Each structure stands twice: as structure tokens, then as C-alpha cells.
1. With the contact rule set at Cα under 8 Å and sequence spacing of 6 or more, what percent relative contact order holds for the chain?
2. Which value, in debye to the nearest 20, describes the size of the charge dipole of the chain about its Cα centre when Lys and Arg Cβ atoms bear +1, Asp and Glu Cβ atoms bear -1, and nothing else is charged?
3. Can you tell me, using C-alpha contacts under 8 Å and at least 6 residues apart, the relative contact order of the stretch 73-135 as a whole percent?
4. Quick one: which residues, 5 or more positions from Leu165 or on another chain, have an amide H under 5 Å from its amide H? H modelled 1.01 Å from N in the peptide plane, none for Pro or chain starts.
5. What is the sum of charges around Arg151, taking Lys and Arg as +1, Asp and Glu as -1, for the other residues whose C-beta is under 12 Å from the C-beta of Arg151?
6. Pick out the long, greasy-scoring helices in the chain: whole DSSP H runs spanning 24 Å or more along their own axis by Cα, mean Kyte-Doolittle at least 1.0.
7. Using the Cα gyration tensor of the stretch 383-438, with a ≥ b ≥ c the square roots of its eigenvalues, what is the shape: rounded (a/c below 1.5), prolate (a/b larger than b/c) or oblate (neither)?
8. Going through the cross-link list Lys219/Lys409; Lys209/Lys290; Lys35/Lys157; Lys268/Lys409; Lys119/Lys290; Lys219/Lys318, which pairs have a Cα-Cα distance over 28 Å in this structure?
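Any read-out appearing in this document is the output of simple, stated calculations on the displayed coordinates, not a laboratory observation. Owing to the predicted nature of the structure, the values given are computational and were not obtained by experimental measurement. Cβ placement follows ideal geometry from the backbone for every residue including glycine, while neighbour counts extend to all protein chains displayed.
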Amino acid sequence: MKISVIGCGYLGAVHAASMAELGHEVIGIDVDPAKVGALSEGRAPFFEPGLPEILVAGVQSGRLRFSTDIADAAGAAVHFVAVGTPQRAGSYAADLRFVDAAIDGLLPHLADGDLVAGKSTVPVGTAARIAERIAGSGTGAMLAWNPEFLREGFAVKDTITPDRLVYGLPPESEAAERARELLDEVYATALAAGTPLVTTDYATAELVKVSANAFLATKISFINAMAEIAEVTGADVTQLADAIGFDARIGRRFLGAGAGFGGGCLPKDIRAFTARAEELGRGESVAFLKEVDAINLRRRQRVVDLAVEALDGQPYGKRVAVLGLAFKPFSDDIRDSPALDVAVRLKGLGAEVVATDPEAIANSRRIHPQLDYVEDVSDALEGADLVVLVTEWNEYRHMDPAFAGARVKRKVVIDGRNCLDAVGWRADGWEYHGLGRP
Ligand code: UDX
């Protein structure tokens, strides 16, 4: 099947390469010539496990091409819109200018019966507005909203074998039927494997995406709120999470208390959802998401406060090894990263921060050149007065406390992700501080 993907950022690049891997003929379109150049040579512009392999395979097979010219999308039966919807400057609302530009660019190249399939995360109501524009264009094309739930670090797997598919379709009509058939053809492999499919209207499809992310964010902030209570009562939030997580209705996943959530999705999406609900006169319905956001941001400061305490209130000139910069492991993404934020705040207090990360140093250096970065974790640890672990990469989580102890000046560690074996580290003579743990 011929597919175009408009926007080759995280979502679009992974989607394009994954669709080619599934056997479709794909053209990826992006306005950034550097990105298109890299992708055309089979190089991923960001770190994502498994992506380089399928990019190279797709490009070599001739099934995967990239272009800066949106006219090259012509001839595809399905056009996925996968451009970014960042937070608008000075506001919580989503900035839809890239979505609108993608539709503007696409309209002259649409043919009768083509399907435009929206993937970007948008405020509810956007699809209906775009559908009207497409209907008004007289092209005979139609719109579906087909949200994406990929996690960074598992993006290829999540795209090729999703845990569910959602089609937001126009009201029952021939167009809706054709849209459904086209999407079924795109996702034939996943559907044949029994992937659950929810077929619904535009508004529900748009809301599925934001409400899923709002739920996940709420779950994380819930456990972080319990961590705050644990901190004043001497309870242990990790044991609490284990115990409530055994209840199948609750589940242990996303009950990891620590420095909180970041990345390009959860923080932005809950804010945009709040803004949209307010526009709709239902701000009170999701007012709790402001609390979710506030709890989340407090946890970063909690890591900083613990660090200052561990340095006897005197961070100035102290050497602090910050382990992790990416917003989560298996990613080089530093968007809204709690780890990078902690490093910057400690530096702001006068500490001599030496930060490391297996993948995210280049991105971090670009935004925060004032920090000292080292590639090797042992260089970060060398002479440190304090170790602060903020991204739970395997190499940090499984680090031998004796290895670390041989390098630092003082054996004090703050485990901002509650991922170290506290008993083992203490047994090795370390002063260990977790979050929400005695
Ligand atoms: C998220 C959603 O999971 C995905 O479905 C959606 O499509 C995009 O947004 P992603 O941003 O890649 O994906 O990361 P995710 O794995 O959800 O983690 C988000 C953040 O939450 C990370 O900063 C992570 O460290 C944090 N987190 C996660 C916790 O603090 N505790 C947890 O228990 C789980």
C-alpha cells in the first residue's frame, strides 16, 4: 500500500520506517532538509532502539523514501499527519500551526478517495475542524483520527505490535467505510495478530490519547504524593507501591515514585488538556491535572533539597556527580527532563556538577552548555562529594557500590528513581537516600 507520512519527528520517522518494515511503500515528508537527508541515508536523527535497522532496511529495499516536497505525497492512498503539537509560548494550550500547515500543504495533492489519517496529539475538536476543511476542498478525500501510543525507547515495537488500535471515523457513510477499510489494510499485520481495535468518532479518538496520558501522569503523581506522605511518616513508598500494586485493579506499573515524569508527551499533554477543557467550559473536570503537574514538579525540587541536605546545606563548590540526563532510559530525549532540570538547579546553587548519560549528552550540552559533561561514569564519580542518580539507565541501576565507592570522595548517594539496591549500597558503607523512603 502507498502511504505518506507528513512530519518526520519522533512519531513520524518511527511510523514511516515501521510501515515500510510491514511491507508498505512509504514516503516521509519533512520541512527540515537535514532531517530528510539523514533519514534518506538510513540514519536516525535521534536515539531509538531498533530504528536504525529498519530505516536502513526500508531505504535499501526502495520501499522507504523521504522528501522535503509535500507534492511527493501525491499518489499515496493514506496520508498520516504526524507533525508536532508543542506547548504554545506563554500558554498551556497546544500550538496547532504545524498541523494546519501540513493540511494546507497536503490539500492540493489529495485525490478522490484518499484518506488523511491524523496521528498528532491534538485538542479535542481539531479533527472535526480539519474534516470540514477537507470536505470544503472538493477533493473527495476523507479524514480519520488514528492516535498513536508509542513510548520512546520502545517506539518501533509499539508501532509494529501496538497494544490497541483506535480509529476515529466520520459518521456512518460510504466514506467512513472506505476509511476503515484503508486503515485495516495499513494495519493488516497487527489486526491479523488479534490487536484490539476500537472504532469510534473523532472526538473520542482524540480524547483517548490525551486521557490515556492524563491517566498515566496521574498514576505517577499519585504515587509521588504518597512518597511525600511517606517522607513525613517514615513509611516506604516502594513497599507501599508493591503492596497496592498486587491489587489487579491498581497494578504495579507506573507506580515508580521518584523525580517524576518528563518528556515530550505527558507534561505537555496534561497542560494542553487543561487548557482545552477550560475553553470548553469544563475546566473544573480536569482541574486535578494542575495538581498532578504541581506534584510532579515538586519532586524535582525534592531531589535538589535532599542533595543540599546531604551536602550539609553547603552546595557551593561541592562536586556532584549527576547520573542521567535523558527524561527516561533508552532515550536521548531531554525535553522537560527531570534529570537535566535537577542538574541545572544544582549548578544554579553553585555546585560543581559533573553530569553523564549514555545517550543524552550532546542534546543536553546544546541547551545547557554551562554544565560539565563526561562520557564515562567513572569520570563523573571521581572525587564526588555526592552522587545523584536521576535516570535509571541499567548501567547505573546495576552499578557495583564498591566500584563507585572507590572513586568518590564521600559515599553519599541520592537515588532519584528508587532503583538502586538500598540494602547493598548501605552494606557497602554508603549513606543512601531514596525518595519517599526512610
Ligand atoms: C508516554 C506514554 O507512555 C505513551 O503511551 C504516549 O504515546 C507518549 O507518552 P513516553 O513519554 O515515551 O510515553 O514515556 P513513559 O514511558 O510513559 O514515561 C514518561 C515519564 O514518566 C518518564 O519521565 C518516566 O521516567 C516517568 N515515570 C514512568 C515515572 O516517573 N514513574 C513511573 O512509574 C513510570
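1. Computed over the chain, the figure is 12 percent.
2. Details: 45 positive and 61 negative charges, 159 e Å.
Taking the Cα centre of the chain as origin, the dipole is about 760 debye.
3. On the way: 66 pairs, mean separation 26.9, N = 63.
Relative CO of the stretch 73-135 lands at 43 percent.
4. Under 5 Å from the amide H of Leu165: Leu197, Val198.
5. Details: positive: Lys157, Arg253, Lys328; negative: Glu48, Glu148, Glu152, Asp158, Asp163, Asp333.
Around Arg151, the charge tally is -3.
6. Long hydrophobic helices here: none detected.
7. Rounded is the answer for the stretch 383-438, as its axis ratio a/c remains below 1.5.
8. In this structure, Lys219/Lys409; Lys268/Lys409; Lys219/Lys318 exceed 28 Å between Cα atoms.
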